[in-house]
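Below is one structure, written out as structure tokens, with a few remarks after it.
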Amino acid sequence: MVMPFDVTHPTAATDAGSASGEKSREAPGPSGPDPGTDAGPDLLPIVPRRHMGRLLAAAVALLVFLAVVSSVVRNDAFQWDVVLRYFTTSAVLDGLLLTLWPTAVVMVLGFVLGTALAVMRLSANPVLRTLSWGYVWIFRSTPLLVQLLFWFNIGALYPTLGLGIPYGPQLVTVQTVNLLGPALTAVIGLTLHEAAYAAEVVRGGILSVESGQTEAAQALGLTRRRTLRRIVIPQAMRSIVPTAGNMLIGTLKGTSIVSVLAVHDLLYSTQLIYNQTYQVIPLLMVATLWYVTVTTVLSAGQYYVERYYARGTSSVLPPTPPQRVRIQLAALRARLYALTARDAVSASRGGG
């Protein structure tokens, strides 16, 4: 017995599939309308999340800052008129000059000697490594004030310094007391002290450079000295500069300790003045404001030096503070222009 079969015409099946496909394409899916079509004004604008904790903390910090500034400005005990009177006097400016040039000399000589010590520390020669380690150990273990007092009294150990034939006659002899004055003693003591810390800073910067850079330079046939000067040191500066900037600022403030040697630096000059006028607080504020001013200038210079040596780390450098101000002003002008244009459109529609 032959059973009848229900055979559907292929054309009808194709038409039915096409119709169902068209319906499925027309029906919106669970993800909403097609992103390519115009969604209309019903969509809500996307706004950033508001962090109430941050806003509250910023408000509290701003209130505390304003309270501190108000208490300083309105406190008559600071005697701001006296501060302005002595801020640019010749005695204070001379003391400032005697603070700046020893700082510059100490930093330059300290890092020159520190670089040599760092290279000795990384040398394959055990004698050089030991001598460098011993220098750093000695000068980092003793306080700076003790070192300055020791160099100031070096005449008790070596009354004279001579130049001549070893174990023979002396050709030139100089009295140590006449050779080493207070300013020169301070520069020598600060330089030897700074070199010990600079050696560790430079050594850390050199070790931060990947060993593959040195291996590539050796593969190109570069000598060890040229590899260190042209490849390692420029890359190590990214690690050296921030710490060197901190050392520079610390040295600037640390020069105030040379007042124990009667060196007329900035702090010692203000002390001489308030010992005569008994205006201690205003003169200390004069010294403080000068230290803050010079430190601010040095910090700005450190920022641009760090930016210079960071050129190889990224293709696009972050904007500088003046560039950030210009970007913020441009964004503010664009926002004000958009608000003005929106108000003008609303006013025109209302009038029409």
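Annotations for the structure displayed:
- What the Cα convex hull of segment 163-240 gives, in volume per residue, is 166 Å³.
- Computed from the Cβ-Cβ distance with R0 of 45 Å, the FRET efficiency linking A338 to R74 stands at 0.60.
- FRET efficiency, A310 to A58 (Cβ-Cβ, R0 35 Å, nearest 0.05): 0.75
- Potential lengthening of the chain between R324 and E200 amounts to 41.1 nm, from the contour at 0.36 nm per residue minus the alpha-carbon distance.
- Listed residues Q302, Q276, Q323, most fluctuating in the chain (Gaussian network, C-alpha, under 10 Å): Q323
- On the basis of the beta-carbon distance and an R0 of 56 Å, A124 and L66 show a calculated FRET efficiency of 0.40.
- Note on the chain: helix-only mean residue ellipticity at 222 nm, from DSSP H runs of 4+ residues weighted -39500 (n - 2.57) and normalised by residue number, equals -23000 deg cm²/dmol.
- Accessible area per residue in Å² at 1.4 Å probe, computed on segment 206-352: 65 Å²
- The residue list G114, T296, L332 was ranked by how far each Cα lies along the charge dipole of the chain toward its positive end, using unit charges on Cβ atoms, and G114 comes out on top.
- Amide hydrogen neighbours beyond the local backbone of T160, cut-off 5 Å, H modeled: T176
- Cα gyration tensor shape of the chain, rounded if a/c is under 1.5, else prolate or oblate by comparing a/b with b/c: oblate
- The chain, accessible surface, carbon-and-sulfur percent (1.4 angstrom probe): 66 percent
- Solvent exposure of segment 59-128, expressed per residue, is 61 Å² of accessible area, with all protein chains present and a 1.4 angstrom probe.
- Separation of the V345 and A262 label points, Cα + 7 Å toward Cβ, nm: 8.0 nm
- Label-point separation, L97 to L184 (7 Å along Cα→Cβ), nm: 2.0 nm
- Taken along the Cα-to-beta-carbon direction at a fixed 7 Å, the label points for T142 and S299 span 3.4 nm.
- Computed about the Cα centre, the dipole magnitude for segment 218-352 is approximately 900 debye when only Lys and Arg (+1) and Asp and Glu (-1) carry charge, each at its Cβ.
The values are calculated or read from the model by the stated rules, or taken from the named source; none is laboratory data. Model, not experiment: these values are computed from the prediction. All Cβ positions, glycine included, derive from the backbone under ideal geometry; neighbour counts span all protein chains shown. Areas reflect the complete protein model, heavy atoms only, side chains present, ligands, DNA and RNA absent. Shrake-Rupley method; radii C 1.70, N 1.55, O 1.52, S 1.80 Å.
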